[in-house]
Every structure is written in structure tokens, then in C-alpha cells.
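Visitor: To start, I am sharing the structure in question, which I have written as C-alpha cells.
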Amino acid sequence: MIPPDPPRFRLGTRRSPLAMAQAEEARARLAAAHGIEAAHIEIVPVTASGDRIQDRALAEIGGKALWTKELDAWLTAGEIDFAVHSAKDVETIRPEAIAIGAVLPREDVRDVLVGAASVTALPQGAIVGTSAPRRAAQLLHARPDCRVVTFRGNVATRLAKLAAGEVDATFLALAGLNRLGETGTGHPLDAEAWLPAPGQAAILIECRADDARTREFLAAVDDALSREAVLAERALLAALGGNCHSPIAVLTGREGAMLTIRAALYSPDGAERVEGETAFAADDLTAPARLAADLLARAPAAITVHFSGPATS
């Protein structure tokens, strides 16, 4: 008897090289988990607004929604079955019709500095390119003599701008470099000293909340440990009420069944900084909210003006 054809799914992704590499990783993991050919999962690319507009900082043109809105529309319209995202690019508050179907095993969370061996090794008055408020604030906190300029584009574009001498140095995510096969590029920064972004290095797969067939399909590749860490970081973000202008850095660790979160909030110019840490059971998402409240209570106005507090929608 000939077995029935395996189910077919449509995977939505941005067209950028890193997004496509992440989509290929998701497809390979799903195909292996279900014992099917990768061809049964069709990759459907879209050019996101955030990829089309490269001359302005993300916070000035619509924030993280510029990475997700096209895929959200395709997903809710049924044109794709699930979408693959970098977790750090997905807004904290999501439509009720969309659910997190899986979080893939998290990659290395560290940032990489390209152009100098370390932050302290940057030349006096160095021009550093980044469009991330977190990276800019962390740099200016450590090196107020440096100057930050807006620096957008995919990994290859930013490396080309650096090679052309537009800036002295820039930051990239080690996970992205690894996924693109760009190992050995730059100098990884100690995550304990240079805290990464919430959700950094994690691939998040979203589907329609009412699509039981797809949710069951995605569950096979859901990494429980990565999901717990990412959900804790997203709970912290929700309680802080941050946005694309809000410099926040987070490092999550694990000790058995307990998670630890270290978080630091900055003023955009790096002059002010407040840090806190908490340990909690992995399924207790109220603990990150308590940490957020503590941070906001201790932060000066130069920081709190960039955070609105607990999200209500």
C-alpha cells in the first residue's frame, strides 16, 4: 500500500540572507523531526518594510513592526502556515490570532565587535556604527568619547561599509554570523560584561493560534529551555513597556529548574544606567515583571522617560 503524501506547509520569511538562513534551519529541523523531505515545506519569502528602508534608524520609521507586518498579514490571511523570525525582532505585544508555535535551540547570545579587539581598544574618539539603542548606550556608557552614527543594512552591507572606512567599528550578533558561516569575524564580547539584547540568538516560529494542525507540526522542534528563557525576557519587556528607543540589555542563565535574569536599562546617551538581577522558577513569568518594577523604581528620569511600564494591550 502506498503511504499518503506527507502534509505540506508554507513557511514565510523575510528575504534577507540571515532570515533565509534561519528559514532553512527551521525547515531542516522540521523535516528531520518528522522524517519528511524538506521539499514538503515551501519557503515563501517577502521583502519586509524594514529591509526596504535602510537610510533611517528603525525607531524613526515604525519600530519592530517593520520586520513582522507583511508576514503577519500573510499569516492571518492563510497565505502561509507559519513564519520564522529572529526573536529579538518580534514586538512584545502580538495579535491574539498569532501564537508562538516553537522556539528553536538558542545560538550564542554574544555581540561581536568588528574593527577593534575590544571596546577599551577602540581609538580615542572612534566613530562606531550601530542602529541599536542598546549597543549605542552601552558603548557610550563605557566610552563616552566615542561617537555613534546610524548604521543599517544586512551583515554584508555593514561589513562593506566598515571596510570602506565609513566607521571605525561596528557591532554584529555572533549568532547571525555563525548562521551565515561568517565564523571568525570580529571579536566576541563577554556577555557578562556586555549584556545582549532580549531574545538575541533565538529563532521564533509563529503560526495562527487556531491552527491545531500547524501547532502540532511545530511542537516537534520546540526547545523547552530556549522557550522558557525567551518568554521570560519577553515578560520583562512587557512589564517595562519599552520600545525601539528604549536601551535595555538582558542576560538569562539557568541553574537547574531556576532561571536567572540580569537586566540593565540605560539612558540613550549612556550617561545613566540601572541594573538588577533575579532568580525564579522557569515557569514563573511574574518574576520578570517584579524585576522590571524594581528597575523602574530605581531608575532616574533620564531612563524612565523611555519606558511606559506594564503593557495593557
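Visitor: In debye to the nearest 20, how big a dipole does segment 111-188 give about its Cα centre with +1 on each Lys and Arg Cβ and -1 on each Asp and Glu Cβ?
Guide: 200
Visitor: Considering every pair of different Cα atoms, what Kirkwood radius, in Å, is found for segment 235-304?
Guide: The Cα-based Kirkwood calculation yields 12.3 Å.
Visitor: Now, a different point. Can you give the extra length, in nm with one decimal, that the chain gains between residue 297 and residue 96 once fully stretched, where that is 0.36 nm per residue apart less the Cα-Cα distance?
Guide: Length gained between residue 297 and residue 96: 69.3 nm.
Visitor: Then there's this: Can you compute 3J(HN,Hα) from phi for each residue in segment 262-271, using the Karplus curve 6.51 cos²θ - 1.76 cosθ + 1.60 with θ = phi - 60°, rounded to whole Hz and x for Gly and Pro?
Guide: For segment 262-271, the Karplus-derived couplings read 10, 9, 10, 10, 10, 7, x, 7, x, 5 Hz, x marking Gly and Pro.
Visitor: Quick query: amide H of residue 12 versus all other amide H atoms, modeled in the peptide plane; which residues come in under 5 Å with a sequence gap of 5 or more or a different chain?
Guide: Residues meeting the criterion, in which the H sits 1.01 Å from N, are 44, 81, 82, 83, 84.
Visitor: Of the options 169, 181, 195, report the single residue whose Cα projects farthest towards the positive end of the charge dipole of the chain (beta-carbon charges: Lys, Arg +1; Asp, Glu -1).
Guide: The one lying farthest along the dipole's positive direction is 169.
Visitor: Report the Cα centroid-to-centroid distance between segment 148-203 and segment 225-270 in angstrom, as an integer.
Guide: First find each Cα centre; the distance between them is then 20 Å.
Visitor: At 0.36 nm per residue, and after removing the present C-alpha to C-alpha distance, how many nm does the segment from residue 286 to residue 47 gain when stretched out fully?
Guide: Contour length minus the Cα-Cα distance gives 82.4 nm.
Visitor: Let me ask something else about it. At what distance in nm do the modelled label points of residue 178 and residue 142 sit from each other, each positioned 7 Å from its Cα along Cα→Cβ?
Guide: About 1.9 nm, to one decimal.
Visitor: Would you list 308, 226 from fewest to most Cβ contacts within 10 Å?
Guide: Exposure proxy ranking, most exposed first: 308, 226.
Visitor: Something else: First select every other residue whose beta carbon is under 11 angstrom from the beta carbon of residue 138; then total the charges, Lys and Arg +1, Asp and Glu -1.
Guide: +3
Visitor: Another one. With labels modelled as points extended 7 Å from the Cα through the Cβ direction, what inter-label distance (nm, one decimal) is found for residue 156 paired with residue 34?
Guide: Label-label distance for residue 156 and residue 34, simple model: 3.0 nm.
Visitor: Could you please rank 43, 303, placing first whichever residue has the fewest other Cβ atoms within 10 Å of its Cβ?
Guide: Placing the least packed residue first, the sequence is 43, 303.
Visitor: What ranking of 207, 244 emerges when the number of other C-beta atoms within 10 Å of each C-beta is taken as an exposure proxy, fewest first?
Guide: 244, 207
Visitor: With each label point set 7 Å from Cα along the Cα-Cβ vector, what nm distance links residue 277 and residue 243?
Guide: 3.3
Visitor: Check every DSSP H run in the chain and write down those whose alpha carbon atoms cover 15 angstrom or more along the long axis and whose mean Kyte-Doolittle hydropathy is -0.5 or greater.
Guide: Helices meeting the span and hydropathy rule in the chain are 17-34, 65-76, 224-240, 286-298.
Every number here is computed from the coordinates shown, using simple stated rules; none is lab data. The shown structure was predicted, so the numbers you read here are calculated from the model rather than taken from an experiment. Every residue, glycine among them, receives a Cβ derived from its backbone with ideal geometry; neighbour counts consider all protein chains shown.
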